[in-house]
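See structure below.
The values are calculated or read from the model by the stated rules, or taken from the named source; none is laboratory data. Since the model is a prediction, treat every value here as computed from it, not as a measurement. FYI the Cβ positions are ideal-geometry reconstructions off the backbone, even for glycines, and counts take in every protein chain you see. Side chains included, ligands, DNA and RNA excluded: accessible areas come from the protein's heavy atoms. Shrake-Rupley method; radii C 1.70, N 1.55, O 1.52, S 1.80 Å.
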Amino acid sequence: MKKIASSSSIAIPRFRCFDPANSYYVAAIPKDYGYVGSSPALNSSSNGGYNKGVMGSTAGVYQPKIVPGDAGYVLEDVPHLTDYIPDLPAYPNPLRSNPSYSATKQYFVNDDDTVAQQIVVQKSSPRGTHFRRAGPQQKVYFKSDEVRACIVTCGGLCPGTNTVIREIVCGLHYMYGVNRVSGIEGGYRGFYSRNTIPLTPVDVNDIHKRGGTILGTSRGGHDTSKIVDRIQDRGINQVYIIGGDGTQTGASVIFEEIKRRGLKVAVAGIPKAIDNDILVIDKSFGFDTAVEEAQRAINAAHVEAESFENGVGVVKLMGRYSGFIAIYATLASRDVDCCLIPESPFYLEGPGGLFDYMEKRLKENGHFVIVIAEGAGQELLSECLSAMDQQDASGNKIQQDVGLWISQKIKDHFTEHKKMEINLKYIDPTYMIRAIPSNASDNVYCTLLADSAIHGAMAGYTGFTVGPVNGRHAYIPFDRVTERQKKVVISDRMWARVLSSTNQPSFLDRFMVPFVKVLRNNQAGYIYNSKS
């Protein structure tokens, strides 16, 4: 069993050749880890519309790659082409002679550079889980003139998607001299049902100024065998997949099928989730843009509300399962009286309920602004429970419009029960937010994501997704970002800041009995049991 020595006990040379075959230990796999054959987890329709039984995939066994070290150090490594293609030749990295990088002499990452998942530790705690640091390596496993890369975008729209496409094309061309890059039109099904389009730096020069995706997108349509057949037929050897957790789940299965066939094809994922619900990484691209644009809607609701007597503004924001956009937009705007998210149940009537709180604030201020995430309060829509079982092509539950529902409830309460006239304005900026170009912050972030993916693929890594972990970009195994969705931890200080900013009740008093406290990944959260 190979161990990585602690950084204090080794001398790290300026440049270091990387030998993937000897860099890690492949751990034994517990029976309940990963997937074999027709895994129930992957057959679930909740994984981006991917259904193994329907697609007939023969992808193999997922094998986590674990490197233990001193003091509890654990590296969760990502696959490398040399894992299943022995004696694969390596070549000097073209960046050595790239004039853009001639001014710096330490731009290659060392083979034992890793990024810690948990940055806050105690002096007696183990070093914990780490991921391989992203960046250019001393050696690459593709010659520039042999690379045939393709890019595909899947799932919903998100600001920054075109920026990622642009930077992959330009990064491959300008950093590594790659001239054959294609775009797959229409999502996963585009591999076998549509034509590819050539992409050059000239073609993508100004696409970052547009919203949406120039390649088109779709949900579902994942047929693993057909996709890999087309990859093989077209001679593609680098696949860049941009999409959310369902898309990344599909990417992991594509990688397993490629590995089973023994193909020299690197599969790199770029996580996309405007809701910011991707595990492990600090944030998803497009999130900053979404928060910035959501403030415009909140500001409009506030102007409308304060301009009328007993004015009420209701803004519904994205967040099917996670309320990150809602809470960050609330904190940024400072004009919100109540923020409602899926992770924190609320109730309408009775002492301490939403209506009770609204009455008090209307008497004090004369107006009221509510921000509600689209997944909040779904359990209260009892008359629509049958519709909640329906799913879209990505396996996501089709939810009722909670914004319209709560707006009507507010009107009914104050006009019928309180005999109080209110002026309510409802704003739903969802598709306006999704369709806009990314802002400056997200443009820079998308560039870093694209560069990290390119460096990883050229260095022979495969079956990974990229993203910042505690501020440093890393290569993360697919299974880590797809095991579940990241959610707001309502026992954390961020939610406390929201409650303090709005001065709203937590609504927890009524729910403390039917709540189950859960500890996972050293984070405390609460899961509401609606049957209790």
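Report relative contact order for region 295-366 in percent, whole number only (criteria: Cα-Cα under 8 Å, sequence separation at least 6). Intermediate results must be reported in sequence, preceding the final value.
On the way: 65 pairs, mean separation 19.4, N = 72.
Relative contact order comes out at 27 percent.
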Gyration tensor verdict on region 185-238 (Cα atoms; rounded if a/c is under 1.5, prolate if a/b is larger than b/c, oblate otherwise) = oblate
task = Taking the Cα centre of region 114-215 as origin, sum charge times position over the Cβ atoms of Lys and Arg (+1) and Asp and Glu (-1), and report the length of that vector in debye to the nearest 20.
result = 440 debye
request  = Only Lys, Arg, Asp and Glu count, each charged at its Cβ (+1, +1, -1, -1), so figure out the dipole size of region 168-295 about its Cα centre, rounded to 20 debye.
outcome  = 640 debye
query = What is the local net charge at Ile184, summed over the other residues whose Cβ is closer than 12 Å to its Cβ (Lys, Arg +1; Asp, Glu -1)?
reply = +3
key: region 245-302 - convex hull of alpha carbons, volume per residue in Å³   = 87 Å³
Summed residue charge, Cβ within 12 Å of Ile433's Cβ, Lys/Arg positive, Asp/Glu negative = -3
request  = For region 106-201, go through all pairs of different Cα atoms, get the mean of 1/r, take its inverse, and jot down that Kirkwood value in Å.
outcome  = 16.5 Å
inquiry  = Not counting ligands, DNA or RNA, and with a 1.4 Å probe, what is His130's accessible surface area in Å² rounded to the nearest 10?
reply    = 20 Å²
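Would you mind calculating the relative contact order of region 165-217 from Cα pairs under 8 angstrom and at least 6 residues apart, reporting the percent as a whole number?
With pairs under 8 Å counted, the relative contact order is 40 percent.
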query = Rounded to two decimals, what is Rg over Rh for region 261-347 when you use alpha-carbon atoms and the Kirkwood radius?
reply = 1.18
task = Please tell me which of these pairs span more than 23 angstrom C-alpha to C-alpha: Lys316/Lys418; Lys139/Lys486; Lys316/Lys487; Lys272/Lys316; Lys226/Lys283; Lys316/Lys425?
result = Lys316/Lys418; Lys139/Lys486; Lys226/Lys283
query = Using the Karplus equation 6.51 cos²θ - 1.76 cosθ + 1.60 (θ = phi - 60°), what ³J(HN,Hα) coupling, rounded to whole Hz, does each residue of region 358-370 give in order, writing x for Gly and Pro?
reply = 4, 4, 5, 6, 5, 5, 6, 10, x, 8, 7, 10, 10
note = Computed over region 78-216, protein heavy atoms only, probe 1.4 angstrom, the accessible area per residue in square angstrom equals 44 Å²
message = Keeping all protein chains in the complex and leaving out DNA, RNA and ligands, what accessible area do you get for Tyr347 with a 1.4 Å probe, in Å² to the nearest 10?
response = 20 Å²
